[in-house]
Amino acid sequence: MNVDLLLGLQWGDEGKGKIVDVLTKNYAIVARFQGGPNAGHTLIFENQKHVLHTIPSGIFHKDAKNIVGNGVVIDPVILTKELDNLSKHNIDYTKTLFISRKAHLILPTHRLLDAASEALKGKLKIGSTLKGIGPTYMDKTGRNGLRVGDLELDNWKEKFNNLTQKHLNLLAFYNVDLDYDLDTLKAEFFAAVTILKTLPFIDSEEYIFNALNNQQSILAEGAQGSMLDIDFGTYPFVTSSTTTAAGACTGLGVAPNKIGDVFGIFKAYTTRVGSGPFPSELFDDDGKTMSKVGAEFGATTGRPRRCGWLDLVALKYAVIINGATQLMMMKADVLSGFKTIKACTSYIYKGKEITHLPYSILEEDVTPVYTEFKGWDADLTKLTSADELPKELMDYIKFIEDFVQVPVKIVSVGPDRKQTILR
Ligand code: GDP
Ligand code: IMO
Ligand code: MG
């Protein structure tokens with residue numbers, strides 16, 4: 001048995017949560033492999049909307065097991081709130097949610113360090129979600145981190161206090177004016193840890209290895225998107241983890257030769273939240289329409305998402321880096337009514353037309369070149385089969401498939417679980 005991967009191919013918010021939920025019926029286990037509560041994965045079914053930050057998106061299927069892998073960073077305070085929401089909807093997670101002992105914990109002071117770091121960057125700020133992601137991964141690679149498994153040791157509070165003190169020293173050095181009450185933050189953290197400790201902690205790499213040997217199918221769920229990858233994204237305007245396929249190997253302990261299908265998700269257009277380059281960004285009425293019709297506001301921070309045309313140069317790059325075997329096109333319904341649809345198919349870079357992603361895609365370095373497509377008027381949101389899709393949309397999809405050389409297997413025509421068309 002193999003592990004299939006599901007990854008965002010753009011700057012996040014492609015609709016990963018929705019599709020993981022749709023696909024979970026085919027899998028015994030869903031496992032998150034990186035990121036943390038910077039993610040916001042939205043699921044809509046039976047007229048209910050759920051947003052998950054840390055918990056895998058298979059949690060609403062009562063037979064699926066859900067693993068928070070070692071590559072994830074966990075804020076116990078946020079996780080506890082997610083658990084509360086599940087309880088409110090009568091979801092019994094006590095036998096289906098498992099936490100890797102090797103996952104790192106986000107301390108309250110990691111969040112403060114994130115805020116201080118962003119404040120010091122001024123105009124060059126990343127636009128972080130301020131969930132403490134960067135500082136926590138820094139402590140992981142700096143070999144200072146506190147892990148879930150530490151909570152089973154008698155001296156974990158000592159480790160917590162030592163790390164907190166280190167952070168307070170750093171904050172004093174940064175000398176940024178932050179308003180916080182450490183005692184309250186600590187009390188909140190300790191209360192949340194007590195709840196976290198009621199969940200089963202596992203050696204997730206061993207668990208996954210055994211599951212594969214027992215022919216159990218596994219879907220690995222990514223967070224963020226390839227263009228936010230620490231190595232291959234638009235550095236430094238990226239997140240601090242490996243969001244691409246390789247991250248599933250390190251974030252779960254799965255060998256590369258155990259990876260099966262790689263499902264790549266992209267929106268029919270592009271969005272980005274936070275700072276950083278975005279060559280096909282729109283500042284006109286078309287962009288405003290995408291934002292409005294697509295309800296493009298961050299699921300974690302509520303910030304408006306920047307909108308623009310599909311960037312096929314960037315998409316092809318992501319497809320190659322991840323080895324995507326199948327694609328899922330999301331939010332096709334949002335483009336209904338546009339007379340003309342555009343996709344960026346090359347860049348002008350240093351005076352030359354190129355079709356690969358160069359070192360920098362900053363505004364001053366690249367100018368996008370567009371191919372135009374005829375739009376369609378039809379409302380797609382009630383369609384259920386691929387042969388009902390308008391010809392113009394099919395032409396757009398065919399062009400994308402030819403450009404990136406991977407088939408589009410799912411077309412999503414609305415946020416609900418049911419608004420999903422298989423091809
Ligand atoms: P994720 O982070 O990749 O899981 O994506 P988010 O949940 O942050 O953002 C995707 C947003 O688009 C959510 O509000 C979804 O409910 C919504 N959505 C997903 N698929 C579709 C679709 O096909 N059409 C429309 N209109 N909305 C969608
Ligand atoms: P999901 O999983 C969209 C962006 C932030 C910021 C940059 C760094 O819902 O797709 P961080 O908090 O990691 O320090 O922020 O990355 N970002 C996301 N954008 N979707 C996400 O997750 C994101 N997670 C982080 O806006 O620009
Ligand atoms: Mg999201």
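The values are calculated or read from the model by the stated rules, or taken from the named source; none is laboratory data. As the structure is a computational prediction, the values presented were derived from the model and not from experiment. Note: ideal-geometry Cβ built from the backbone for every residue, glycine included; neighbour counts use all protein chains shown. The area values use the complete protein model at the heavy-atom level, side chains included, leaving out ligands, DNA and RNA. Shrake-Rupley method; radii C 1.70, N 1.55, O 1.52, S 1.80 Å.
Observations, loosely collected:
- Elements of the type strands (runs of 3 or more DSSP E) sitting completely within segment 197-298 and holding at least 1 residues that are away from ligand 1 (no atom under 13 Å from the Cβ) and among the small types (Gly, Ala, Ser): these cover 218-221, 259-267.
- Condition check for Gly15: small (Gly, Ala, Ser), at pLDDT 95 or above and touching a Lys or Arg at 6+ places or on another chain (Cβ under 9 Å): yes
Condition check ((1) within 16 Å of ligand 3 (Cβ to nearest atom); (2) over 23 Å from Val262 (Cβ atoms)) across all residues:
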residue: Leu7; (1), (2): yes, no
residue: Gly15; (1), (2): yes, no
residue: Thr24; (1), (2): no, no
residue: Asn38; (1), (2): yes, no
residue: Glu46; (1), (2): no, yes
residue: His53; (1), (2): yes, yes
residue: Phe60; (1), (2): no, yes
residue: Val77; (1), (2): no, yes
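- Members of segment 298-314 that are within 11 Å of ligand 2 (Cβ to nearest atom), touching a strand residue (DSSP E or B) at 6+ places or on another chain (Cβ under 8 Å) and open to solvent by 40 Å² or more (accessible area, probe 1.4 Å): Arg303, Arg306
- Meets criteria (open to solvent by 80 Å² or more (accessible area, probe 1.4 Å), away from ligand 3 (no atom under 16 Å from the Cβ) and not small (Gly, Ala, Ser)) for Lys186: no
- With respect to the stated conditions, Leu282 fails to be of a type outside the set (Gly, Ala, Ser), away from ligand 3 (no atom under 16 Å from the Cβ) and touching a residue at least 40 places away in the same chain (Cβ under 8 Å).
- Segment 407-423, subset in a loop (DSSP other than H, G, I, E, B) and either touching a strand residue (DSSP E or B) at 6+ places or on another chain (Cβ under 7 Å) or open to solvent by less than 20 Å² (accessible area, probe 1.4 Å) (or both), residue farthest from ligand 1 (Cβ to nearest atom): Pro407
- Strands (runs of 3 or more DSSP E) enclosed by segment 1-111 - at least 3 residues per element that are within 16 Å of ligand 1 (Cβ to nearest atom): 3-8, 29-32, 41-45, 48-52
- Given (1) without any contact (Cβ under 8 Å) to a residue 60 or more places away in the chain; (2) open to solvent by 40 Å² or more (accessible area, probe 1.4 Å); (3) within 15 Å of ligand 3 (Cβ to nearest atom), number of the condition Ile320 does not satisfy: (3)
- Selection of segment 220-237 for residues being more than 10 Å from ligand 2 (Cβ to nearest atom) and either under 16 Å from Val73 (Cβ atoms) or open to solvent by less than 20 Å² (accessible area, probe 1.4 Å) (or both) yields Ala220, Ser226, Asp229.
- Residue match in segment 276-285 (condition: among the aliphatic types (A, V, I, L, M) and open to solvent by less than 20 Å² (accessible area, probe 1.4 Å)): no
- Residue, farthest from Ser240 (Cα to Cα), within segment 139-178, restricted to residues that are more than 29 Å from the chain's Cα centre (by Cα) and outside any helix (DSSP H, G or I): Asp154
Here's the yes/no breakdown for (1) among the acidic types (Asp, Glu); (2) out of contact with any Gly (no Cβ under 8 Å at 6 or more places or on another chain); (3) at negative phi:
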{"site": "Phe60", "(1), (2), (3)": "no, yes, yes"}
{"site": "Asp63", "(1), (2), (3)": "yes, yes, yes"}
{"site": "Val68", "(1), (2), (3)": "no, yes, yes"}
{"site": "Ile74", "(1), (2), (3)": "no, no, yes"}
{"site": "Tyr93", "(1), (2), (3)": "no, yes, yes"}
{"site": "Ser100", "(1), (2), (3)": "no, no, yes"}
{"site": "Gly122", "(1), (2), (3)": "no, yes, no"}
{"site": "Pro135", "(1), (2), (3)": "no, yes, yes"}
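- The set of residues from segment 114-154 being among the β-branched types (Val, Ile, Thr), touching a helix residue (DSSP H, G or I) at 6+ places or on another chain (Cβ under 7 Å) and open to solvent by 30 Å² or more (accessible area, probe 1.4 Å) comprises just one member, Ile126.
- Any hit, segment 100-111, residues being aliphatic (A, V, I, L, M), under 21 Å from Phe209 (Cβ atoms) and either surrounded by fewer than 24 Cβ atoms within 10 Å (Cβ to Cβ) or more than 16 Å from ligand 3 (Cβ to nearest atom) (or both): yes
- When residues in segment 325-355 are screened for being under 30 Å from Lys258 (Cα atoms) and open to solvent by 10 Å² or more (accessible area, probe 1.4 Å), 2 of them pass.
- Thr42 meets all of the listed conditions (1) open to solvent by less than 20 Å² (accessible area, probe 1.4 Å); (2) in contact (Cβ under 8 Å) with a residue 40 or more places away in the chain but one, namely (1).
- Residue in segment 19-29 that is near ligand 2 (Cβ under 8 Å from one of its atoms) and in contact (Cβ under 8 Å) with a residue 60 or more places away in the chain present: no
- Residue tally, condition out of contact with any strand residue (DSSP E or B) (no Cβ under 6 Å at 6 or more places or on another chain) and either in a loop (DSSP other than H, G, I, E, B) or under 18 Å from Val20 (Cβ atoms) (or both), over segment 376-406: 13
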